[in-house]
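K.L.:
Dumping the structure here so I can ask a few things about it.
The values are calculated or read from the model by the stated rules, or taken from the named source; none is laboratory data. Keep in mind it's a predicted model, so treat the numbers as computed, not measured. Note: ideal-geometry Cβ built from the backbone for every residue, glycine included; neighbour counts use all protein chains shown.
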Amino acid sequence: MTRISRIAFFLAFLAFLASPAFSSDEPFTYPSNWGGTGLLELPTARVIRENSYRIGVSQIKPYRYYYMGVSPLKGLEIDGRITEVIDIPALTSGYGNYKDKAIDLKYQLIRESKYLPAFAIGIMDPHGTRVYSSQYLAASKQIYPFDFTIGFGNGRFGKNPLPSQGEGFGIEMFQESKTWLKDSQFFGGIQFAPSDKYAFVLEYSPIKYHKQTSDPARSKYFNEPVPSPYNIGFRWKPYKWIEADFSYQRGNQIGVNLSFNFDIGKPIVPIYDHLYKEKLRDKDSSIGARITRVLYYSGFSGISVAVKDNDLWIEAQNDKYYYTTRAIDVITKVLAEISPQDVNNVHIIIKENGISKMEFTTTMADIIDLHSEKLTAGEFRYLSKVNTDISKALDEPQEHTKTFEYGIKPSFQTFLNDPSGFFKYRLGIAGWLTYHPWDGASIVTGLEGYPINNVTSRNKPLSIPVRTDIVDYKKENVALGKLMFDQIYKMPNELYGRVSAGYLEVQYAGLDGEVAKPFFDGRVVLGVGGSIVKKRMPDNLFKLKEDDARDFYHTTFFNTRLNFPEKEISVDFKTGRFLAGDVGTKLTVSKFINGVILSAWYSFTDTSVFSDDFNRGYHDKGIGVIIPLRLFKGSDSRTSFHYGLSPWTRDVAQDIEHHNDLFDFIGRDANIFLDKDSKLLFK
């Protein structure tokens, strides 16, 4: 380290002891070259705001980065990135430039206070090839409008590159602490933000590019040390959600970085639901007819209304509202407007697919007080009762029963990392038609069309191809996604059952069933399930495969879901026999953020059943997101978009798709979630 850099670090250290602190890391939550919150090449101790995400692209030759960062919990930042090395071809022709995938984690152990800096620990790319891997500690302190950072890290920021881990994880900071200390180097920098719309940055980078022997860029671009370890940059943020960075790095390169920042679950178009207003002529009808009419036009079906001994009973299917509490809120608003006389208690039964999910009991007086703002939402919820152990519907005729449902939505599917090309995809539309012959029963037809489709592969299916032959199905432009019968039962004591038969998904047809039950107000859900299926012909909408390696495939699982409503997190364990015959567990962690569900999974199975090297020792892993249509529509909707992303297509820990997974059907209709949702949605 030069004398100038030592002086800079000393001055920054003095700054740590001098300044008052801000309660937030902002405005110094800018992205680094590779997407993590930082300076230019280097991280800081800052993290993006909880429940927000960032996407972006940058280029500082020879690297081009595509990145996304998200903060599902306060202080935690998770970053995913693809590093493309320009003009360095991959090992297989057609794939394009060399590309490296990585997941980075950063956790802010200490928030900045009056005397202490923010302090964070970071783990970059601990798994796989670890070409651009590091573990670091960083401290950042504000003397607004300045922000000073000092860090210490190994690997990419250290003296030597880190070795590949294959299917394992390498975190030398914990596993080999002495080696980590020996190989690590100091780094740091200063940010200056005189305005919320722009900032300047200066950093000292210790990266020894010419010694990063695992970096494919080294041989062509870094035969000797870079001209300068100092980088400077200018950040421009014309709007809160967009940022453009311009920099001069390594003494010889111009860098550009464009990023977009959003809050998770914040509607693009504000959600407004126009509730039906009674016409004057309608007020001469009976109370039951008036309530039924308004509920129907407000988004409900299968409606029954009865008054028994001064108790008002309403049963309705929620066809429109994403949250059950929002559906209840709409019904209470309807009742407050109509104000039925001689009614004491009100019982609201919410159904889904004709099945009674829950009973909400309150009083007419409390409903009127709620909507005249004499009661808060929390007080109203406290005075009300919820019963989810309800399986029988009202013995009353139903009106506006919905026998058919249909819909259409865009469909975007990807096929990544194939030797013939990194990014393959198909884009089109998916439509569905559902017939409900009786309560809980559905006959489902799903048809998909992809006018834009470039999915191909050079890979051949592996030893037990339960998913490595999925490309044969995805390269088809027209697909019959589903043609099946599905029946859900709800029995006393909240015992749920489901059975499905037919073309269950694009690749498999057969039988699928499960039983599940929630415990402790929904904090724990236990279930067992399994399937016996046969492969479909990829190029024939209705025919089954006759020349497959196996006539039938079967699965058997014991399923567990642990719900932590305080943090809006659920943890799923799927344990048993998967499609290929490998036995083990798939762990899935999900985070619910304003209706959006983020998830990540990792499997532990016995892969000795496979004879190929690609599946043996492999752990299925990936990330997924469920995005409600309501965020884009401007009004409420129960429809969601599902997207999953896995780094490789493998046959390990694979299961069929389930049309109505019971754990998801039970969902948030439990006391632990209703208490939380009611505080947000009763208005």
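K.L.:
Here are the criteria: (1) at pLDDT 90 or above; (2) outside the structural domain of Arg638 (by TED's automatic domain parsing); (3) not aliphatic (A, V, I, L, M). Tell me which single one Asn454 does not satisfy.
P.N.:
Result: Asn454 fails condition (2) only.
K.L.:
For region 179-197, check the following and say yes or no: at least one residue is in contact with an Asp or Glu (Cβ under 8 Å, 6 or more places away or on another chain), under 21 Å from Lys101 (Cβ atoms), buried (at least 21 other Cβ atoms within 10 Å of the Cβ) and among the small types (Gly, Ala, Ser).
P.N.:
Within region 179-197 (the criterion being in contact with an Asp or Glu (Cβ under 8 Å, 6 or more places away or on another chain), under 21 Å from Lys101 (Cβ atoms), buried (at least 21 other Cβ atoms within 10 Å of the Cβ) and among the small types (Gly, Ala, Ser)), the answer is no, since none of the residues qualifies.
K.L.:
Let me ask another. Quick one: is Met68 among the hydrophobic types (A, V, I, L, M, F, W, C) and either without any contact (Cβ under 8 Å) to a residue 60 or more places away in the chain or surrounded by fewer than 19 Cβ atoms within 10 Å (Cβ to Cβ) (or both)?
P.N.:
So Met68 passes the test.
K.L.:
Among the residues of region 525-536, is any surrounded by fewer than 18 Cβ atoms within 10 Å (Cβ to Cβ), of a type outside the set (A, V, I, L, M) and more than 24 Å from Trp438 (Cα to Cα)?
P.N.:
Within region 525-536, one or more residues are surrounded by fewer than 18 Cβ atoms within 10 Å (Cβ to Cβ), of a type outside the set (A, V, I, L, M) and more than 24 Å from Trp438 (Cα to Cα).
K.L.:
Let me ask something additional. Just one of the numbered conditions (1) over 30 Å from Asp472 (Cα atoms); (2) in contact with a Pro (Cβ under 7 Å, 6 or more places away or on another chain) is not true of Gly428; which one?
P.N.:
Against the list (1) over 30 Å from Asp472 (Cα atoms); (2) in contact with a Pro (Cβ under 7 Å, 6 or more places away or on another chain), Gly428 comes up short only on (1).
K.L.:
Related question: Looking at Asn252, is it touching a strand residue (DSSP E or B) at 6+ places or on another chain (Cβ under 6 Å) and assigned by TED's automatic domain parsing to the domain that holds Phe146?
P.N.:
no
K.L.:
Let me ask something else. Can you name the number of the only condition in (1) touching a residue at least 24 places away in the same chain (Cβ under 8 Å); (2) among the basic types (Lys, Arg); (3) closer than 20 Å to Ile60 by Cα that Lys197 fails?
P.N.:
Going through (1) touching a residue at least 24 places away in the same chain (Cβ under 8 Å); (2) among the basic types (Lys, Arg); (3) closer than 20 Å to Ile60 by Cα one by one, Lys197 breaks only (3).
K.L.:
Checking Ser457 against (1) more than 30 Å from Leu526 (Cβ to Cβ); (2) exposed (fewer than 15 other Cβ atoms within 10 Å of the Cβ), which test does it fail?
P.N.:
(2)
K.L.:
Then there's this: From the list Phe186, Phe174, Phe200, which one is of a type in the set (A, V, I, L, M, F, W, C) and under 30 Å from His619 (Cβ atoms)?
P.N.:
One residue alone meets the criteria, Phe174.
K.L.:
I'm trying to understand the selection: among the residues of region 401-434, which are of a type in the set (Ser, Thr, Tyr) and either in a strand (DSSP E or B) or more than 28 Å from Pro492 (Cβ to Cβ) (or both)?
P.N.:
Scanning region 401-434 gives Tyr406, Ser411, Thr414, Ser420, Tyr425, Thr434.
K.L.:
If I go through region 133-151 residue by residue, how many of them are surrounded by 23 or more Cβ atoms within 10 Å (Cβ to Cβ) and in a loop (DSSP other than H, G, I, E, B)?
P.N.:
Within region 133-151, residues that are surrounded by 23 or more Cβ atoms within 10 Å (Cβ to Cβ) and in a loop (DSSP other than H, G, I, E, B) number 1.
K.L.:
Can you tell me which residue is modelled with the highest pLDDT among those in region 79-94 that are outside any strand (DSSP E or B) and among the aliphatic types (A, V, I, L, M)?
P.N.:
Ranking the qualifying residues of region 79-94, first place goes to Ala90.
K.L.:
Please state which one of Glu337, Glu396 is under 17 Å from Leu275 (Cβ atoms), among the acidic types (Asp, Glu), touching a residue at least 12 places away in the same chain (Cβ under 8 Å) and surrounded by fewer than 19 Cβ atoms within 10 Å (Cβ to Cβ).
P.N.:
Residue meeting the stated conditions: Glu337.
K.L.:
Condition first: in contact with a Lys or Arg (Cβ under 9 Å, 6 or more places away or on another chain), over 17 Å from Glu505 (Cα atoms) and among the aliphatic types (A, V, I, L, M). Now tell me which residues in region 530-565 satisfy that.
P.N.:
Listed by number, the list holds a single entry, Leu562.
K.L.:
Give just the number: which of (1) touching a residue at least 40 places away in the same chain (Cβ under 8 Å); (2) within 21 Å of Asp125 (Cβ to Cβ) does Glu172 not satisfy?
P.N.:
Failing condition for Glu172: (1).
K.L.:
Return the residue satisfying two criteria in turn: it lies in region 476-534 and is of a type in the set (S, T, N, Q) and in a strand (DSSP E or B), and of such residues it is farthest from Gly576 (Cα to Cα).
P.N.:
First pass over region 476-534, keeping only residues of a type in the set (S, T, N, Q): 477, 487, 493, 500, 507, 531.
Filter again for in a strand (DSSP E or B), leaving 487, 500, 531.
On the way: Gln487: 24, Ser500: 20, Ser531: 12 Å.
Selected residue: Gln487.
One line per residue, one yes/no per condition, for (1) in contact (Cβ under 8 Å) with a residue 24 or more places away in the chain; (2) crowded, with 16+ Cβ neighbours inside 10 Å; (3) β-branched (Val, Ile, Thr); (4) not assigned by TED's automatic domain parsing to the domain that holds Arg293:
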position: Asn344; (1), (2), (3), (4): yes, no, no, no
position: Glu359; (1), (2), (3), (4): yes, yes, no, no
position: Ile367; (1), (2), (3), (4): yes, yes, yes, no
position: Lys374; (1), (2), (3), (4): no, no, no, no
position: Gly378; (1), (2), (3), (4): yes, no, no, no
position: Leu383; (1), (2), (3), (4): no, no, no, no
position: Val386; (1), (2), (3), (4): yes, yes, yes, no
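K.L.:
What about Met491, is it under 30 Å from Trp438 (Cα atoms) and modelled with pLDDT under 95?
P.N.:
Values: under 30 Å from Trp438 (Cα atoms): yes; modelled with pLDDT under 95: yes.
Considered against the rule, which asks whether it is under 30 Å from Trp438 (Cα atoms) and modelled with pLDDT under 95, Met491 comes out as yes.
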